[in-house]
Each structure stands twice: as C-alpha cells, then as structure tokens.
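Below is one structure, written out as structure tokens; the observations come after it.
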Amino acid sequence: MKEEIIIAGFGGQGVLSMGKILAYSAIMQDLEVTWMPSYGPEMRGGTANVCVIVSDRKISSPIITRYDTAVILNQQSLDKFEQNVKPGGLLVYDPSGITRVPERKDITVCSIDAIEVAAELGNSKVYNMAVLGAYLKMRPFLNMENVVKGLEKSIPARYADMIQKNREAIEKGMEKVKIISESAL
Amino acid sequence: MAEKILLKGNEAIAISAIRNGVDGFFGYPITPQSEVMETLMKEKPWETTGMVVLQAESEVASINMVYGGACCGKKVMTSSSSPGISLMSEGISYIAGAELPCVVVDVMRGGPGLGTIQPSQSDYSQSVKGGGHGDYHCIVIAPASAQDMYDFVDWGFELAFKYRNPVIILADGIIGQLMEKVEIHPVKPRRTDAEILAVAPWATTGKPAGRERNIITSLSLEANTQEAFNRKLLAKYDAIRENEVKFSEYLTEDAEYIFVAFGCSSRICEAATDMLREEGIRAGVLRPITLYPFPEKEIARLASKVKSMMSIELNLGQMVEDVRLAVNGRCPVGFYGRQGGNVYTPEEIADAFRKFNNLK
C-alpha cells in the first residue's frame, strides 16, 4: 500500500501536528513514512501545508504534486489542491472554512465539522484530531492501538493528560464524518 | 532492537551529535537549519553527557570556536546554511591548513547572496572545490534522508579524525526539514582524556615531560617547508580518493540511461526512473554519497556501457562538470536543474530526460 496525502489549512489549525501524529502512528505500525512541510516565509494566519507519504515499501521522492487524499481546512487550500487529487481519490474538508464546496465528481468528497467536535469535547486544541479521525474512518489502514501509540510518541510528557482527549476527538471524528459524494469512477 | 523515532533531518543531526559523544557544538541560527541548535538547546546535553552547546555571536566566531576545540583533540562541530558557510570559509581553510578534524553541516538554501530560504544544492562547487583560499579539500558527504543525517555525524567524525581533515555534511533544505523514521543506535560516550591522547596524539592538551611541544598552525613562511606541506596534503587527498569513495546505485545493472544525482535529488530521480521503467525505458540512478572524493571510476565504468548520462541538480549545473570529467567523452552528458528554491517533480525530470534523449 502507498498513500500520498496533503493536509492544508491555516497556520495554527494543527496541520503540521496532525501530519506528525499520522506519520508517527504509521511508524508504530511498521510502515515507512515521510513528512514534508511547506516551509516558505509562512506566518501565523497564513496558509500551511504538509505532505505525508505512508507506504509499506521504501519511499523514494518525498516531493509529490498529485495526492491520493487531500485534507482541506480552508478555501485557499481547496482552490489550490482540489485539482491535484488523483482520480478516484479522497477529499476531506471542514465546511466551516469553506465558501465553495468541492466540485470534482471523480473523487470521493467527505466533510467533517471538526469545530463542533472540538466544542463538544470542550477543547479547541483537539480540532485537528477530529479531522484525523474523519480521514482514518475513510482510509482505515491504521489500528487504533497504533494511533494511540503515535499520540503518546508525539505529545510531550507534560501534556500526557491530553492523550485521552485526543483519542476521543479521533473517535468522534470517525463518527461524525459525512460522505457528501462518492467518486463516480 | 534499535529504537525507531520520527525526526526531522535537522533534529537527527542534533540527536546524533549527543548520542555519538560529540564534545562541542558552536553555531549561529539560520533557516533552514535552525532546528539543529534548537534541538540541542532543548535536549540540554551539558546536563547529561557534558557536551558544550553554544550560540556564538556570528558564524565567524562559531567556526573559530570549532578551530579551538579541534586543536584540543575534541569532537567539535557547527552547522549553518549557505550564506553562513560563506562566512565560515576562512575558518574552514585555516582548519584544513592546520590539519584538524571537525564536522561542518551545510543545509543548503538558494543563493547567491542572501538568496532564499528554500532548498537548493548550489553550494556543491563551494564545498567540493574549496570555498576558502588555498590548495585544500574538505571531505564532503551528502545525506539523502533523515537516517543519513543521523548516521553521517558519526561517520563524519570517523573520517575527520582518520585524516585530520574537516568534513562537510552537505544537506539541503528538503533533507533538513523532512521528517522520517530514524533508527537510533546505542549511545557512544564522549572520549576520556586518555582516549583523546590515544586518538589525537597531535592535540594541544598540555605538554608533559618527555615529549616535544605539539604545535598547531597553518602558517609557514619558508617556501620549501610550505611546499613540502602542500605535497603532504596531496598525499592525504590521494589516500582519501583511493579509500573513501562511497556511492549507491538504483537499477543501474541493466540500465541504458543513468541519472547522476546527490541528496534529495537522487530520491526524486529514483521516482522518475520508476516512471520511465513503466514505459519500458531502462533508466537507473547513480547517487554519489561522497562528493569529495567523487565516484569517478564508477561513473567512467557506467559511461562505457550506457547511451547517455544526465546530472540532475538543484542549481545551474555544478556537479555536471565533475560528471563530464569522469565520463571523459565516453557518452553524452546532459543536465537538468531547478533554482531559486523550486524543486523538480519526478514527472518533470522524466520529461527533461525524454527531451535530452530525443525519446517520444
């Protein structure tokens, strides 16, 4: 298996750390990973994105321009990356950041109201984990056990109490993800 | 079993320095390598191994702190990115002239001048051909993964002490920022004073009774003495060229076409090779792991049996000069590059390849 993913949104939405937790969880499942951020002159409030590749074989190029999955958290990122999802691929978006819905008919489109999940759990910091949960529901290649290990590895020891909260957010995200349209392919 | 952790290339340099018994790191921040010192400061190795980590007032100061530490036989290093390495070049020349071991990490960004913070490979010539003044060479090793960043610190010091010569780890913004799985090995403790004396009997560790003073200098005003020293350096560089060449090959066995690429470019060329192979075109990749010494014999060997070679670099064409020298007319040599922090995709390389070889 090989899954090439882009996660894109505003700086501060937890785009990079969502990618990191996904990558660490995949390592816990003995998969190969690369995590490559955009590191231009970005700033808080600007756009941020990260490409994560997960594979059961050695990964050559970490640079990709076509994606199996795009996780989209703002309009700019939708405009930029929707066209680069491979036919038959997946697009997961958060409707609260979007003014125009995705138009592609040859990919599967899902939405996750991650702000609502974070509000229900009473912690805005778990927003990105709700999104991760939605993604993992649609692409279930990781065991929850390894995702929890990935969380444990990624979260500094002084925030250990956040592991359970993050896990709940992932599980809620899995429940709340909505399929908007299936790929016509 | 070795532990596997997720690290950025830059973080891997820092963690490896601590775990491989490095005595001192002296640096000055610059994108895209700032995580090296940030990680060292976060890990506080002075509380565990006793390693010194110091943010100097400038790159010039940090390379001269490395010079001082190296005189004492210590394992000392610095890291910077392109403009910072230019500032260090005088110091690197002095360290080469004083025949001292050290490791310098260059996480390249686009130039010339202040350029851009995005990835580039445009310090190839600077690192491999000189950078500073005088007849000298650094040993230059080029990592292509976070694991390489981890492993090359230890390998770099091994080479540096074996030859009493500065070693440059020539990385780029992609390898510095890329996070991957890294296998970490058991901790190597810092050398004791007795171990330093054994491995570096030339070091200025204080003169005991019964031996002459150790003198470390790069100054020699008498022409014949200086020439004899230059010849001694040449013999050392010859030995390095003979013994330390390292490269890796991807599908070169039956290849009719070869990409030559180092660092992140070699991985992008592997993906381009896979694409071309699907079309039935037998391509392969030769990745020089040591840039100095350059794998000229292997390139010459391959050049005799392939239709063409292409050097793929994130610059205007620097390594391609060495490829042409090694090929020496045996086959056509092409070049494709991107600059300014732009990075080619595998598709783009495959297109440039077809164009150069008049295929389709």
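Here are the numbers:
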quantity: Test: residue in the range A:12-30 that is crowded, with 21+ Cβ neighbours inside 10 Å, assigned to a strand (DSSP E or B), within 14 Å of another protein chain (Cβ to nearest Cβ) and among the aromatic types (F, W, Y); calculated: no
quantity: Qualifying residue in the range A:64-86 (condition: in a strand (DSSP E or B), away from every other protein chain (no Cβ under 14 Å), open to solvent by less than 20 Å² (accessible area, probe 1.4 Å) and without any contact (Cβ under 8 Å) to a residue 40 or more places away in the chain); calculated: yes
quantity: Of all residues in the range B:250-279 being within 14 Å of chain A (Cβ to nearest Cβ) and part of a strand (DSSP E or B), the one that is farthest from B:F335 (Cα to Cα); calculated: B:Y250
quantity: Within the range B:177-194, considering residues that are among the β-branched types (V, I, T) and open to solvent by 10 Å² or more (accessible area, probe 1.4 Å), the one farthest from the other protein chains (Cβ to nearest Cβ); calculated: B:T192
quantity: Qualifying residue in the range B:307-320 (condition: open to solvent by less than 20 Å² (accessible area, probe 1.4 Å) and in a helix (DSSP H, G or I)); calculated: yes
quantity: Matching residues in the range B:117-176 - criterion: being within 14 Å of chain A (Cβ to nearest Cβ), open to solvent by 10 Å² or more (accessible area, probe 1.4 Å) and of a type in the set (D, E); calculated: B:D148
quantity: Within the range B:110-203, helices (runs of 4 or more DSSP H) holding 1 or more residues that are among the charged types (D, E, K, R); calculated: B:124-129, B:146-163, B:193-199
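Conditions (1) closer than 28 Å to B:E90 by Cβ; (2) exposed (fewer than 11 other Cβ atoms within 10 Å of the Cβ); (3) touching a strand residue (DSSP E or B) at 6+ places or on another chain (Cβ under 8 Å), marked per residue:
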| site | (1), (2), (3) |
| --- | --- |
| B:I196 | yes, no, no |
| B:P201 | yes, no, no |
| B:P208 | no, yes, no |
| B:N214 | yes, no, no |
| B:A223 | yes, yes, no |
| B:A228 | yes, no, no |
| B:E244 | yes, no, yes |
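Residue-by-condition table, conditions (1) part of a helix (DSSP H, G or I); (2) under 18 Å from the mean Cα position of the chain (by Cα); (3) in contact (Cβ under 8 Å) with a residue 60 or more places away in the chain:
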| residue | (1), (2), (3) |
| --- | --- |
| B:L6 | no, no, yes |
| B:G21 | no, no, yes |
| B:F26 | no, yes, no |
| B:Q33 | no, yes, yes |
| B:V36 | yes, yes, yes |
| B:T39 | yes, no, no |
| B:W46 | yes, no, no |
| B:A70 | yes, no, no |
| B:T78 | no, yes, no |
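The values are calculated or read from the model by the stated rules, or taken from the named source; none is laboratory data. This is a predicted model, so every value here is computed, not measured. Heads up, the Cβs are rebuilt from the backbone with ideal geometry, glycines too, and the neighbour counts pull from every protein chain shown. Surface areas here come from the heavy atoms of the whole protein model, side chains and all, with no ligands, DNA or RNA. Shrake-Rupley method; radii C 1.70, N 1.55, O 1.52, S 1.80 Å.
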